[in-house]
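Written below as structure tokens is the structure these notes are about.
Each value in this text was obtained by applying a stated rule to the coordinates, not by laboratory testing. This one's a predicted model, so the numbers in the text were calculated from it and none came from an experiment. Note that we place each Cβ from the backbone using ideal geometry, even for glycine, and neighbour counts take in every protein chain shown.
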Amino acid sequence: MTVNTLPGLVGRHRECAALDDLLVGLRKGGSRVWVIRGEAGIGKSVLLEYVAAQASRVTVTRARGIEADMELPYASLHQLCTPFLAEVEALPGPQRDALRVAFGMAAGDPPDRFLVGLAVLTLLTRASETRPVLLVVDDAQWLDQVSLQTLEFVARRLLAEPVAMVFAVRDPEGQAALAGLPEIRIGGLDAAAGGELLEAAVSGRLEKRVRDRFVAEMHGNPLALLEFSRGRSAAELAYGLTSSSPIVQGTVSSRVERDFARRLAALPAPTRTLLLIAAAEPIGDARLLVRAADALEITPNGAPAKAAGLIEFGESVRFRHPLVRSAVYRQAEPEERRAVHRALSAATDPVLDPDRRAWHAAQAADGPDEEVAAGLEQAAGRARQRGGMAAEAVLLERAAEVTPDAWARGRRALAAAEAHLSAASPDRATELATRAELCPLSPLDQARLARLRARILFARRRSDEAAPLLLDAAAQFAAAGLPLARETYLEAISATVFAGRVHGPTGARAAAIAARGSGAPSSGSKAADLLLDGVATLLADGYETGVPALCRALEPLAHEELATREATMRWLLLAPVALEAFIHHAWDLHAWDMLATRAVRLARDIGALGALPPALIYLSGVHIHTGNFAEGARMIEEADAIAAATGHAPHQYATLVLAGWRGDADAAAGIIEGAKASAALRGEVSLLGVTGCIQGVLFNGLGRYDQALAAARSGIEHDGFNFTGLSLVEHIEAATRCGELDEARTSLARLVELTRAADSGWARGASTRSQALLTGDDVKADRLYRTAIDEFGRGRVAVEVARTHLLYGEWLRRARRRSLAREHLRTAHEMFDGMGANAFAERARRELLASGERVRVRETEPASALTPQEAQIATLAAGGMTNPQIGAELFISPHTVEWHLRKVYTKLGISSRRALPGALAIAPAANTRDEGTAPSG
């Protein structure tokens with residue numbers, strides 16, 4: 001084991017070994033992340049010092065979070081990246097621009113925080129090409145929120161880069177920070193190690209009984225043991241306290257903090273003021289500290305504090321421990337703190353650091369002050385431009401607190417609430433909304449408040465409670481002639497879609513009628529205006545006029561120029577409503593493909609990782625329906641990986657759709673139960689439509705028609721905007737198999753009505769095939785099945801082409817036209833088998849055996865098969881993209897791309913990139929074997 005060179009680091013052999021292993025792997029070119037967790041004073045900071053001291057031949061960069069109300073966006077990240085900023089200009093254009101704006105080096109549109117994360121990943125990767133890089137972050141729970149989120153993103157994407165990260169997180173304050181990353185959890189020292197540490201810190205030998213008592217009462221906390229023994233002899237510790245009383249009441253951190261406070265009291269007043277300046281100033285800028293001391297007319301003499309072991313002075317000012325900082329700040333009187341912040345505000349450069357200047361001025365205010373509030377509001381605007389939503393919210397909140405005018409206070413509190421919601425803090429948003437409500441508000445701000453409350457409600461529960469609030473807000477925007485009205489009406493309709501209600505006073509139809517009668521002005525986007533008109537017409541007037549109106553929005557949605565990042569983000573917010581309408585009402589796979597492909601491309605181009613996973617999920621659905629299950633699975637995998645990296649829940653329903661078509665009942669079962677539970681908990685009734693429809697697919701494929709019938713009924717009955725038509729298709733097939741012909745005919749009549757206006761092969765194929773299942777006329781049935789095959793083919797819906805061949809083959813076999821039946825059953829089996837639709841393939845196999853056909857069964861794929869991500873990277877590389885281009889496309893580093901490509905070369909038996917196109921083209925198909933012929937029947 002590496003020799004310990006740090007005083008006080010005893011009893012941490014396991015932790016030091018893990019950190020040593022991290023450094024060994026780092027020097028060999030591997031990535032590693034550790035999160036060290038434990039209570040205050042338990043030794044986290046000492047372990048960080050240990051790993052930094054041992055990191056020879058490694059570039060070490062450090063940051064420390066500071067407990068404060070203030071958040072300057074990307075401040076901590078900027079600090080960590082400072083040694084590498086010379087490389088910024090070499091980054092790919094979008095990443096370079098995002099990072100420059102985030103760090104205040106350039107002006108521009110607010111960057112997506114995950115594009116900033118990719119830029120940091122690329123920056124660190126480039127820096128590590130000459131020397132391994134180690135990032136050391138203490139008190140990570142107190143970093144500004146966007147820095148912490150970005151570092152977590154980077155930590156989750158490290159794979160094949162010589163970059164390592166070690167975080168220290170204080171519990172319980174930081175329990176949620178960096179959750180899920182590899183962690184080292186440390187507790188108190190045992191009696192032997194604690195005793196060794198204590199005896200090393202005092203002069204003289206401690207009696208074992210006294211030593212063990214101290215270790216037990218301090219719970220083995222090293223800092224507590226060191227600080228309470230500091231300057232005391234063994235005799236003083238043994239006889240200075242009564243044997244029955246505890247050392248100090250309270251938690252370990254409060255005990256240590258009180259000891260620091262006692263040490264502070266012994267310092268000269270000017271030195272205490274100097275420490276207070278340092279405690280209130282988070283950067284540790286020694287020159288700023290001197291200027292603030294001059295403003296307070298004190299001599300900056302820190303020698304007594306340094307001698308007391310409280311602080312270190314140099315290029316930067318560092319407290320010996322975060323508890324020293326908090327003790328200094330909390331022990332000061334309010335007026336003393338205000339005076340220090342006033343001096344810091346005066347000493348801070350108004351050009352180079354206007355935001356901290358504004359914050360210090362706010363902390364110095366002892367009452368309402370419009371000048372201070374205006375400065376904070378301006379700082380919030382700059383934070384927003386850098387993409388710091390959390391910082392914007394905090395600055396606006398403080399601005400509202402010091403605003404003297406009630407009208408302006410309400411406006412700023414409302415803006416702070418909106419910013420908190422954007423920063424994913426709905427509870428704080430609710431509190432600020434309540435504050436705003438207590439102030440006089442203009443009619444426009446009242447509408448904004450109603451919209452905000454609805455959005456908070458919708459974020460918590462996807463029930464129909466949000467829609468009325470959104471409709472009220474939209475009506476007020478419309479009355480004021482504001483373009484925001486149309487966007488809010490679309491939000492209201494979207495809320496009703498998730499709530500699973502078309503009819504009723506809070507349903508989608510009521511929202512559509514209100515939108516059409518509002519007279520709302522143009523939103524400024526032709527695509528958005530036509531989409532709202534189309535969806536509203538569809539809901540209010542029905543399919544005959546609604547579907548053509550909807551289709552008029554397709555061309556602008558597909559091709560409208562998006563000149564700014566904000567315009568692109570607004571388009572991405574429209575995309576789900578548009579896709580649901582084109583999928584479930586226009587039955588248009590071409591539109592689905594076009595819009596989903598554009599959504600993925602736009603999200604990638606601007607680095608909108610919040611919008612990318614749902615866009616990938618929609619595009620995966622295209623691939624599933626066109627029979628490319630492998631590509632659909634790859635996109636689901638990528639979406640889930642990005643969601644995990646960004647702290648969002650995975651999109652389980654795409655996995656459910658794929659499991660349904662694959663016929664994997666076990667995989668589907670857990671997802672279905674989770675969907676039903678979520679529907680009940682969040683009021684998201686639309687999930688019942690999804691699960692009912694997909695269970696219909698699953699059980700029809702498995703030949704469990706009674707279960708398919710029950711599932712499809714639930715999909716039809718939920719009165720939703722989506723999945724009703726697809727549920728009808730499943731219901732008709734299951735009902736005919738179960739002999740429930742009256743039910744089937746009722747569903748057929750409804751399906752014909754739903755598909756009549758949709759001029760698509762998918763719609764016509766679904767209608768004609770369902771009619772074929774119910775007709776008693778053999779000639780007509782034969783014609784209808786053939787027509788359905790052609791129509792589904794024109795619509796590119798390969799899964800339904802294969803399914804129609806299966807149904808037609810089954811009908812032909814029962815009609816004793818075995819030769820023709822085998823032809824269609826063979827086609828169905830080959831298509832389903834090639835897709836991986838195993839349940840339907842097995843159903844076709846059984847029918848083929850019954851017809852007397854010899855069946856070839858697919859063998860298990862070889863172990864050398866490429867994973868979905870390897871296949872994607874290989875395809876992009878074969879198409880001519882460079883490693884940095886592939887990395888930017890997939891939000892991974894170029895080193896990770898190269899790592900995957902080396903595995904691809906090994907699996908394909910090639911040695912270079914040039915051989916990829918040919919190797920991918922001739923990659924062997926899965927082996928097949930003959931299965932015996934069954935007797936005909």
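Express in nm, to one decimal, how much length is gained between L181 and R262 on full extension, taking 0.36 nm for each residue of separation and deducting their alpha carbon distance.
Taking 0.36 nm per residue and subtracting the Cα distance, the gain is 25.3 nm.
Show the residues, 5+ positions off or on another chain, whose built amide H is closer than 5 Å to the amide H of R64.
Close amide H contacts, sequence-distant or interchain: D138.
How charged is the neighbourhood of G25? Take every other residue with its Cβ under 13 Å from the Cβ of G25, and add Lys/Arg as +1 and Asp/Glu as -1.
0
Give me the angle, in degrees from 0 to 90, between the Cα long axis of helix 798-814 and the longest principal axis of the Cα atoms of the chain, rounded to the nearest 10.
With both axes taken from Cα atoms, the answer is about 40 degrees.
Provide the percentage of antiparallel DSSP beta bridges, counting only those with both residues in the chain; round to the nearest 5.
25
Calculate the FRET efficiency for R57 and A286 from the Cβ-Cβ distance with a Förster distance of 41 Å, rounded to the nearest 0.05.
0.85
I need to check one value: relative contact order of the chain, counting alpha carbon pairs closer than 8 Å and at least 6 residues apart, in percent.
The normalised contact order for the chain reaches 8 percent.
Calculate the radius of gyration of the Cα atoms of segment 769-814 to one decimal place, then report Dmax, the largest Cα-Cα distance, as a whole number, both in Å.
9.9, 29
Can you compute the charge dipole magnitude of segment 13-185 about its Cα centre, using +1 on each Lys and Arg Cβ and -1 on each Asp and Glu Cβ, nothing else charged? Give it in debye, rounded to the nearest 20. Kindly include the intermediate steps, with their values, before the conclusion.
Details: 18 positive and 22 negative charges, 135 e Å.
Dipole of segment 13-185, to the nearest 20 debye: 640 debye.
What angle do you read, to the nearest 10 degrees and between 0 and 90, between the alpha-carbon axis of helix 652-662 and the longest principal axis of the chain?
That helix lies at roughly 30 degrees to the long axis.
For segment 652-748, what is the convex hull volume of the alpha-carbon atoms per residue, in Å³?
Enclosed volume per residue, from the Cα hull, is 78 Å³.
Starting from one equal scatterer on each C-alpha and no solvent at all, send me the Debye-based log10 I(q)/I(0) for segment 404-445 at q = 0.21, 0.32 Å⁻¹, two decimals.
Log10 I(q)/I(0), no solvent term: -0.56, -1.01.
Treating only the Cβ atoms of Lys and Arg (+1) and Asp and Glu (-1) as charged, compute the dipole magnitude of the chain about its Cα centre; round to the nearest 20 debye. Present the calculation step by step, with values, prior to reporting the outcome.
Details: 107 positive and 113 negative charges, 363 e Å.
The calculation lands at about 1740 debye.
Regarding segment 758-853, what's the average projected area of the Cα-atom convex hull, expressed in nm²?
5.7
Counting each DSSP H run of 4 or more residues in the chain as -39500 (n - 2.57), what helix-only mean residue ellipticity at 222 nm follows after dividing by all residues, to the nearest 500 deg cm²/dmol?
Taking each H run of at least 4 residues, the total per residue is -20500 deg cm²/dmol.
Within segment 725-779, which trypsin sites (Lys or Arg not before Pro) sit in a loop by DSSP and count at most 15 neighbouring Cβ atoms inside 10 Å?
R756
In 10 Å bins starting at 0, how do the alpha-carbon pair distances of segment 694-769 split up by percent?
22, 54, 23, 1
Please give the Cα centre distance for segment 7-36 versus segment 570-628, rounded to the nearest Å.
44
Using Cβ contacts closer than 10 Å as the measure, can you line up H805, H731 from fewest to most?
Result, fewest neighbours first: H805, H731.
Once a ≥ b ≥ c are taken as the square roots of the eigenvalues of the Cα gyration tensor of segment 344-477, is the result rounded (a/c under 1.5), prolate (a/b larger than b/c) or oblate (a/b not larger than b/c)? All intermediate terms of the calculation are to be shown ahead of the outcome.
Working: a/c = 2.71, a/b = 1.89, b/c = 1.44.
Verdict is prolate for segment 344-477.
Compute the normalised compactness of the chain: alpha-carbon radius of gyration over 2.2 N^0.38 Å, N being the residue count.
Normalised Cα radius of gyration, the chain: 1.11.
Putting +1 on Lys and Arg Cβ atoms and -1 on Asp and Glu Cβ atoms, find which of G481, T299, G104 reaches farthest to the positive end of the dipole of the chain.
Checked the options; the winner is G104.
Please quote Rg/Rh for segment 414-529 to two decimal places, taking the Kirkwood radius as Rh and restricting both calculations to Cα atoms. Don't skip to the answer; put the middle values down first.
Values: Rg = 13.8 Å, Rh = 14.3 Å.
Result for segment 414-529 is an Rg/Rh of 0.97.
Aspartates and glutamates within cross-link reach of K903: Cα-Cα under 18 Å, excluding same-chain residues under 8 positions apart?
The qualifying aspartates and glutamates are E161, E861, E870.
All other residues with a Cβ under 11 Å from the Cβ of G11 taken together, and with Lys, Arg as +1 and Asp, Glu as -1, what is their net charge? Present the calculation step by step, with values, prior to reporting the outcome.
Details: positive: R12, R14; negative: E15, D190, E196.
Once all neighbours under 11 Å are counted, the net charge is -1.
Ranked by Cβ crowding within 10 angstrom, fewest neighbours first, how are V317, V116 ordered?
V317, V116
Please state, as a whole number in µm²/s, the translational diffusion coefficient that the Stokes-Einstein equation yields for segment 507-561 at 20 °C and 1.002 mPa s, with Rh defined as the Kirkwood radius across alpha carbon pairs. Present the calculation step by step, with values, prior to reporting the outcome.
Details: Rh = 11.3 Å.
Reported coefficient: 190 µm²/s.
Between segment 142-189 and segment 763-798, what is the C-alpha centre distance in whole Å?
So the two Cα centres are separated by 57 Å.
Which loop-located trypsin sites (Lys or Arg not before Pro) does segment 178-226 contain, where loop means any DSSP state but H, G, I, E or B and the Cβ has at most 13 other Cβ atoms within 10 Å?
R205
Quick one: which residues, 5+ away or cross-chain, put their amide H under 5 Å from the amide H of D171? H built at 1.01 Å from N.
Residues meeting the criterion, in which the H sits 1.01 Å from N, are G38, E39, A40.
Over what distance in Å are the Cα centres of segment 317-373 and segment 727-762 separated?
Centre-to-centre distance over Cα atoms comes out at 70 Å.
Considering just Cα atoms, how many Å³ per residue does the convex hull of segment 868-929 enclose?
About 80 Å³ per residue, rounded to a whole number.
Can you compute log10 of I(q)/I(0) for segment 13-185 with the Debye formula, treating each Cα as one identical point scatterer, at q = 0.09, 0.12, 0.14, 0.16 Å⁻¹?
These q points yield log10 I(q)/I(0) values of -0.28, -0.51, -0.69, -0.91.
Sorted from fewest to most neighbouring beta carbons within 10 Å, what does the list R157, R854, R320 look like?
Numbers: R157 23, R854 11, R320 18.
Starting with the residue having the fewest Cβ neighbours, the order is R854, R320, R157.
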